[in-house]
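Undergrad: One structure follows; several queries about it will come next.
Values in this text are rule-based calculations from the coordinates and carry no lab data. This is a predicted model, so every value here is computed, not measured. We place every Cβ from the backbone using ideal geometry, glycine too, and count neighbours over all the protein chains shown.
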Amino acid sequence: MVLRAQEVLAEVSAIGQSDLRWKEGRAFSLAYYAGPEVQAVADQAYAMYGSTNGLNADAFPSLKKFQADVVATVNRWVHGDELSAGFMTSGGTESILLAVKAARERGRREFGITQPNVVLPTSAHAAFEKACCYFGLESRRVPVRADWRADVEATRQAIDANTVLIVGSAPQYPQGVVDPIVDLAAIARERNINCHVDACMGGVTLTFLERLGENIPLWDFRVDGVTSISVDLHKYGYTSKGASVIMHRNRQLRSYQTFTTDNWLGGFYGSSGVLGTKSGGPMASAWAVMNYLGDEGYLRLTESARSTTRQLADAIERIDGLHLRTYPDSTLLSFGAQNFDVFAIADELAKTGWYVDRQTPPDSLHCTVNAVHHQVIEEFIVDLSHAVTKVQDAGSTGSVGAYGTIE
Ligand SMILES: *Cc1c(COP(=O)(O)O)cnc(C)c1O
């Protein structure tokens, strides 16, 4: 039996041999790594609670505690108060789905809106599109300004009596800049509608960059009019996948996201999020990693990711033929090519084991820089400039790739 288990587990391990080498810093997308000690804490806590069920936290007081403590910490990070309230979710997408659902529900119950729309910049994450599709809202995309940030005046003009939600990101994914949250939230406040700040990427990073003394425009609950905020822990919180937090400014606003029914033969059924049965693993892992790292750990990891991002951005600005879309506000950046196909660069980089994200429009490569990249950034910059030279010499064209796959 022991032998059989060992054989199977060896196979499980072997099956992963062609996966992204994210622990070696080869992936500038999809995975985050703060080193073997943090990973061990995350994995062990996950393993202890992976088969518990967060559907009913009363049956698992452990999970109730993990969630309460994690939400309280995130609430402190985003400058919430004793009125603000949140839940853990399975990820940024679920947090966003719930923010959109809550806005729709509030619009319906408080204002009788039956044909709701969401006004959001073209840079806001695809998960908002998914939410609008799932929950029957119209997505009204507003083009971003030349500096890639949300256009406040155009946002104001796109709003009508059926708008239930305005969205801003801190930062937005594609170019890594922070939207003018103060101005967007002011519009929402004037209209008495919801304003969601998507801080899935920046919730941890911006918090600690501010503490490190960087000049960060306000984006959290200190801004009047912000009604909800999403913060992913499985990105820059360096916890196991499956952990994000959705915060609402108060319990009334939060009440619109939860679901209850007794319209079946099983009695009262309530759930805070999209999932029914859900693993306690991500909750335990998040609690463990956040307590292990503490403010000090996050300050160190944030400083590392930010200085590495600057190093990469500065290098890209110096490489002939590459065009940095804009100087990054946090730890995400994107760049295009001046007179060749930028996706050919990604193909070249892939040959040396690097994975960067491809995005459009415009044709760009995207890097999500995290703490793991500190040790490899010089090597990456060398390979990147070689790739540029090679592609320019060959005058070659590359293949367009997408972010996700559906096969
Ligand atoms: C990652 C991300 C999301 C979606 O989160 P998932 O965890 O992938 O579901 C939403 N918004 C932004 C800005 C993100 O970076």
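Undergrad: Here is a list: ARG300, ARG254. Which entry is part of a helix (DSSP H, G or I), of a type in the set (Lys, Arg) and touching a strand residue (DSSP E or B) at 6+ places or on another chain (Cβ under 9 Å)?
TA: ARG254
Undergrad: Now for a different question. Taking region 16-69, which residues are of a type in the set (Val, Ile, Thr) and more than 19 Å from GLY280 (Cβ to Cβ)?
TA: VAL38
Undergrad: Next question, about the same structure. Taking region 168-177 on its own, how many of its residues are among the aliphatic types (A, V, I, L, M) and within 11 Å of the ligand (Cβ to nearest atom)?
TA: Of the residues in that region, 1 qualify.
Undergrad: Just to confirm my filter: which strands (runs of 3 or more DSSP E) fall fully inside region 74-156 and include at least 2 residues that are farther than 28 Å from GLY276 by Cα and within 16 Å of the ligand (Cβ to nearest atom)?
TA: Where strands (runs of 3 or more DSSP E) fall fully within region 74-156 and carry at least 2 residues being farther than 28 Å from GLY276 by Cα and within 16 Å of the ligand (Cβ to nearest atom), they are 117-121.
Undergrad: Still on this model: When region 313-358 is examined, which residues are found to be of a type in the set (S, T, N, Q) and farther than 29 Å from THR302 by Cβ?
TA: GLN338, ASN339
Undergrad: Consider SER279 against the criteria (1) surrounded by 24 or more Cβ atoms within 10 Å (Cβ to Cβ); (2) within 16 Å of the ligand (Cβ to nearest atom); (3) farther than 26 Å from CYS367 by Cα: it satisfies all of them except one. Which criterion is unmet?
TA: Looking at each condition in turn, SER279 falls short on (1).
Undergrad: Further question: Which number in (1) buried (at least 19 other Cβ atoms within 10 Å of the Cβ); (2) within 26 Å of ILE113 (Cβ to Cβ); (3) of a type in the set (A, V, I, L, M) marks the one condition that ALA170 misses?
TA: Looking at each condition in turn, ALA170 falls short on (2).
Undergrad: Within region 186-209, is even one residue without any contact (Cβ under 8 Å) to a residue 60 or more places away in the chain, surrounded by fewer than 24 Cβ atoms within 10 Å (Cβ to Cβ), away from the ligand (no atom under 16 Å from the Cβ) and more than 21 Å from ALA102 (Cα to Cα)?
TA: Checked region 186-209: no residue is without any contact (Cβ under 8 Å) to a residue 60 or more places away in the chain, surrounded by fewer than 24 Cβ atoms within 10 Å (Cβ to Cβ), away from the ligand (no atom under 16 Å from the Cβ) and more than 21 Å from ALA102 (Cα to Cα).
Undergrad: Any idea how many residues of region 225-276 are surrounded by fewer than 24 Cβ atoms within 10 Å (Cβ to Cβ), of a type in the set (Gly, Ala, Ser) and closer than 16 Å to ASP81 by Cβ?
TA: 1
Undergrad: Taking region 217-239 as the search range and keeping residues that are among the aliphatic types (A, V, I, L, M) and away from the ligand (no atom under 16 Å from the Cβ), which one is nearest to the chain's Cα centre (by Cα)?
TA: Taking the candidates together, the pick is LEU218.
Undergrad: For region 220-238, give me the residue count where each residue is of a type in the set (A, V, I, L, M) and over 14 Å from SER90 (Cβ atoms).
TA: So the count comes out to 3.
Undergrad: Report every pair of residues separated by at least 6 positions or lying on different chains whose Cβ atoms are under 8 Å apart, first residue within region 365-383 and of a type in the set (D, E, K, R), second not in a helix (DSSP H, G or I).
TA: ASP383/THR352; ASP383/TRP354
Undergrad: Answer yes or no: is there a residue in region 248-266 that is aromatic (Phe, Trp, Tyr) and touching a helix residue (DSSP H, G or I) at 6+ places or on another chain (Cβ under 6 Å).
TA: Within region 248-266, one or more residues are aromatic (Phe, Trp, Tyr) and touching a helix residue (DSSP H, G or I) at 6+ places or on another chain (Cβ under 6 Å).
Undergrad: A further question follows. Could you please tell me which pairs satisfy a Cβ distance under 6 Å, a separation of 6+ or placement on different chains, a first residue in region 129-142 that is of a type in the set (S, T, N, Q), and a second residue that is not in a loop (DSSP other than H, G, I, E, B)?
TA: Pairs found: SER139/VAL118; SER139/GLU129; SER139/CYS132.
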